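*Asks:* Below you will find the structure I want to go over with you.
The values are calculated or read from the model by the stated rules, or taken from the named source; none is laboratory data. It should be emphasised that the depicted structure is a prediction, and the values quoted were computed from it without experimental measurement. Positions of Cβ are generated from backbone atoms using ideal geometry, with glycine treated the same way; all protein chains shown enter the neighbour counts. Note: accessible area is taken over every heavy atom of the protein model, side chains too, but ligands, DNA and RNA are not part of it. Shrake-Rupley method; radii C 1.70, N 1.55, O 1.52, S 1.80 Å.
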Amino acid sequence: QVQLVESGGGLVQAGGSLTLSCAASGIIFSFSAMGWYRQAPGKQRELVAAISSGSTTNYADSVKGRFTISRDNAKKMVYLQMNSLKPEDTAVYYCKARGPLYNDWGQGTQVTVSS
């Protein structure tokens, strides 16, 4: 079955950096589109960044220039490098995998940015 396991969340001061990782299994990773989403308390889940199977990327306007998504097909991993973090980046961050027969989420990892 599809399994996505996020790691790397934590507490960081504003202006700091974190790197989130997502380990995938049960999917044909190289054919999958991968994404990072986040959900803050009381808000809807929103797309942060996505990377296609061909490594085309797109970002939410709020994170452009600060966050970078990348993938390692050999390791079946997707990463989100987050720099210049702001308190408004505080949320649970979720990894998502989309393929021909699946559209699955990880369990999420908490990112808290203190001011």
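*Asks:* Could you do me a favour and compute the accessible area per residue for the range 38-81, 1.4 Å probe, result in Å²?
*Replies:* Each residue of the range 38-81 exposes 59 Å² on average to a 1.4 Å probe.
*Asks:* With a 10 Å cut-off between alpha carbons and a GNM built on the chain, which of 11, 85, 20 moves the most?
*Replies:* Comparing 11, 85, 20 in the GNM, the peak value goes to 11.
*Asks:* Grab every C-alpha pair in the chain, bin the distances at 5 angstrom width from 0 up to the longest one, and report whole percents.
*Replies:* The calculated distribution, bin by bin, is 2, 13, 25, 26, 19, 10, 5, 1, 0.
*Asks:* I've got another one for you. Ignoring ligands, DNA and RNA, what percent of the 1.4 Å accessible area of the chain is carbon and sulfur?
*Replies:* The value for the chain is 49 percent carbon and sulfur by accessible area.
*Asks:* Ok, one more. Could you put 76, 43, 64 in order of accessible surface area, largest first, with the 1.4 Å probe and the full protein assembly present?
*Replies:* 43, 64, 76
*Asks:* On to the next question. So between residue 112 and residue 58, what do we pick up on full extension, going 0.36 nm a residue minus the alpha carbon distance?
*Replies:* Fully extending the segment from residue 112 to residue 58 adds 17.1 nm.
*Asks:* Want the number for residue 88 to residue 74: 0.36 nm per residue separation, take away the alpha-carbon distance, what's left?
*Replies:* Length gained between residue 88 and residue 74: 1.7 nm.
*Asks:* Efficiency by 1/(1 + (r/R0)^6): what FRET value for residue 14 and residue 98, r their Cβ-Cβ distance, R0 = 35 Å, to the nearest 0.05?
*Replies:* 0.60
*Asks:* Quick one: of the DSSP bridges fully inside the chain, what percent are antiparallel, nearest 5?
*Replies:* Of those bridges, close to 90 percent are antiparallel.
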